[in-house]
1. Criterion first (touching a residue at least 24 places away in the same chain (Cβ under 8 Å), under 15 Å from the mean Cα position of the chain (by Cα) and under 17 Å from residue 232 (Cβ atoms)) does residue 128 satisfy it?
2. Hey, among 160, 138, which residue is surrounded by 22 or more Cβ atoms within 10 Å (Cβ to Cβ) and modelled with pLDDT of 95 or more?
3. Residues in segment 72-85 that are within 15 Å of the chain's Cα centre (by Cα) and under 21 Å from residue 207 (Cα atoms): how many?
4. Could you tell me which numbered condition residue 16 fails, if it satisfies all but one of (1) outside any helix (DSSP H, G or I); (2) at pLDDT 75 or above?
5. When you scan segment 91-111, how many residues do you find that are more than 22 Å from residue 38 (Cβ to Cβ) and either outside any helix (DSSP H, G or I) or touching a strand residue (DSSP E or B) at 6+ places or on another chain (Cβ under 8 Å) (or both)?
6. Listed residues 155, 159; which is assigned to a strand (DSSP E or B), touching a residue at least 12 places away in the same chain (Cβ under 8 Å) and either in contact with a strand residue (DSSP E or B) (Cβ under 6 Å, 6 or more places away or on another chain) or under 19 Å from residue 67 (Cβ atoms) (or both)?
7. Residues of segment 164-199 being touching a residue at least 12 places away in the same chain (Cβ under 8 Å) and part of a loop (DSSP other than H, G, I, E, B), which ones?
8. Looking at segment 101-115, can you tell me whether even one residue there is under 30 Å from residue 173 (Cβ atoms) and surrounded by fewer than 16 Cβ atoms within 10 Å (Cβ to Cβ)?
């Protein structure tokens, strides 16, 4: 809480009022401070179906090494390792608070050497070239102001033939949420597919589902969730 804005929003939350939409947008981009746990608890509920959609599009062959970028509080990470029979799962997030929460949530898998978490950004991924079989992220592309920079880095750390899966919500539904007016870059599925294709990914496939409004009554809209998967060429 380094500014009057932070203190004001802290007071509003303590008194039971909603924080400013610009403040919510900043927290969704990078959870931190007093609101970090509250916002990630909310994100876990709202984004559960999107996470399941993304994982369903990544059919693990077992014994693979995966990277998740922007994992939030990481409540799902141990489950992903077990259900997808991974050799190891690695996580990258630019929020210190999220790293701390995820380490607490997944202490056993970290001790077993099945999970590694690092602080950093997808514009400069701290793993070597051709290290991962698959990379995935959810609700992250809205914050990539230079998406080609991030996509090139992801392509670098993927093995030849490896896959990238991006889960996101369509512009037509996200534009109805007031916090998205504060710096969110929104896409329709075809627009994001073109962006991924320009980065050198091929064999794109996508799956779209409409989540019933009753799943997220506080948002009062039906969210359209998309997972788009691209493959790094086998001989890049």
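1. The answer is no for residue 128.
2. 138
3. Within segment 72-85, residues that are within 15 Å of the chain's Cα centre (by Cα) and under 21 Å from residue 207 (Cα atoms) number 1.
4. Here residue 16 clears every test but (2).
5. Matching residues across segment 91-111 total 3.
6. Of the residues listed, the single one that is assigned to a strand (DSSP E or B), touching a residue at least 12 places away in the same chain (Cβ under 8 Å) and either in contact with a strand residue (DSSP E or B) (Cβ under 6 Å, 6 or more places away or on another chain) or under 19 Å from residue 67 (Cβ atoms) (or both) is 159.
7. 170, 176, 177, 182, 183, 184, 185, 186, 187, 188, 199
8. Looking through segment 101-115, none of the residues is under 30 Å from residue 173 (Cβ atoms) and surrounded by fewer than 16 Cβ atoms within 10 Å (Cβ to Cβ).
The values are calculated or read from the model by the stated rules, or taken from the named source; none is laboratory data. Values in this document were obtained by computation on a predicted structure and should not be read as measured data. Cβ coordinates were reconstructed from backbone atoms using ideal geometry, including for glycine residues, and neighbour counts include every protein chain displayed.
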